[in-house]
Amino acid sequence: MKVASFWVLFGVTMAIYLAMVLWSLPLLSAAAGGLAPFDLRFGYSLTEAQAFLAALPPEQNAFYANTQHLLDLVFPPLWSLTLLFAIAALAPPAIGASKWALAALALPLAFFDLMENFAVDRMLAAGADGLTPELVRAASRWTMLKAGLTTLVLTLLLILLIAHWVRRPRKPAQP
């Protein structure tokens, strides 16, 4: 991928991310009396899911299912691709084509996030009183898989960034 194309991908991805983190998710949290939306948790219980849905007014439930999830339909594939190309670009040249296998660790992120969104949509439709333990467990499992893999992939990216910085050529010191 060309460097300019990567930065366009990164910019679009971050614009959507910022829209969610600075606008839609805080709006949902405020509407639910300060409770964190499902997307911002590392798993949740039936009781926690019921409390959030009971606190969320109907118009904000619709906002979550429509506006937030529209943003979160586009974000996961863009995020995975951004991470994929960043890891591939920063991987040590010595590993050759294996850099793509390493970078492919980022691809399941999109799947986990989209499955989380599907499960959360089902919870939003069911409402606090219609939740089942199985539905909440499934949604929470996708959330935890997404969060765990995100931590792993971002840690890998940080290590690659540090290694890239360490191995880059240095200019001689100027007297």
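The values are calculated or read from the model by the stated rules, or taken from the named source; none is laboratory data. All values reported here derive from a predicted model rather than from experimental measurement. Glycine also receives a Cβ, built like all others from the backbone with ideal geometry; neighbour counts cover every protein chain displayed. Note: areas computed on protein heavy atoms with side chains; ligands, DNA, RNA excluded. Shrake-Rupley method; radii C 1.70, N 1.55, O 1.52, S 1.80 Å.
Checked against the criteria, Leu70 does not count as in a helix (DSSP H, G or I), buried (at least 16 other Cβ atoms within 10 Å of the Cβ) and among the aliphatic types (A, V, I, L, M).
Taking the criterion of being of a type in the set (Phe, Trp, Tyr) and out of contact with any helix residue (DSSP H, G or I) (no Cβ under 6 Å at 6 or more places or on another chain), would at least one residue in the stretch 26-43 satisfy it? Among the residues of the stretch 26-43, not one is of a type in the set (Phe, Trp, Tyr) and out of contact with any helix residue (DSSP H, G or I) (no Cβ under 6 Å at 6 or more places or on another chain), which makes the answer no. Restricting attention to the stretch 102-125, the residues that are open to solvent by 40 Å² or more (accessible area, probe 1.4 Å) and among the hydrophobic types (A, V, I, L, M, F, W, C) total 8. May I ask you to verify whether Ala163 is modelled with pLDDT under 95, in a helix (DSSP H, G or I), in contact with a Leu (Cβ under 8 Å, 6 or more places away or on another chain) and aliphatic (A, V, I, L, M)? Yes; evaluated as a whole, the condition is true for this residue.
Contact map, the stretch 29-53: first residue of a type in the set (A, V, I, L, M, F, W, C), second residue open to solvent by 50 Å² or more (accessible area, probe 1.4 Å) and assigned to a loop (DSSP other than H, G, I, E, B), Cβ cut-off under 9 Å, separation 6 or more or different chains; pairs are Leu46/Thr132; Ala51/Leu35; Phe52/Leu35.
Considering every residue within the stretch 142-153, establish whether at least one is surrounded by 15 or more Cβ atoms within 10 Å (Cβ to Cβ) and outside any helix (DSSP H, G or I).
Scanning the stretch 142-153 turns up no residue that is surrounded by 15 or more Cβ atoms within 10 Å (Cβ to Cβ) and outside any helix (DSSP H, G or I).
Among the residues examined, Asp129 does not qualify as acidic (Asp, Glu) and within 16 Å of the chain's Cα centre (by Cα).
Out of all the residues in the stretch 30-59, which are assigned to a helix (DSSP H, G or I) and buried (at least 18 other Cβ atoms within 10 Å of the Cβ)?
Ala31, Phe38, Asp39, Ala49, Gln50, Phe52, Leu53
Applying the selection to the stretch 1-23, what residues are of a type in the set (Gly, Ala, Ser) and surrounded by 14 or more Cβ atoms within 10 Å (Cβ to Cβ)? If the condition is that a residue be of a type in the set (Gly, Ala, Ser) and surrounded by 14 or more Cβ atoms within 10 Å (Cβ to Cβ), then Ala19 is the only one that fits.
The set of residues in the stretch 134-153 that are more than 13 Å from Gly43 (Cα to Cα) and in contact (Cβ under 8 Å) with a residue 12 or more places away in the chain comprises Leu149, Thr150, Leu152, Val153.
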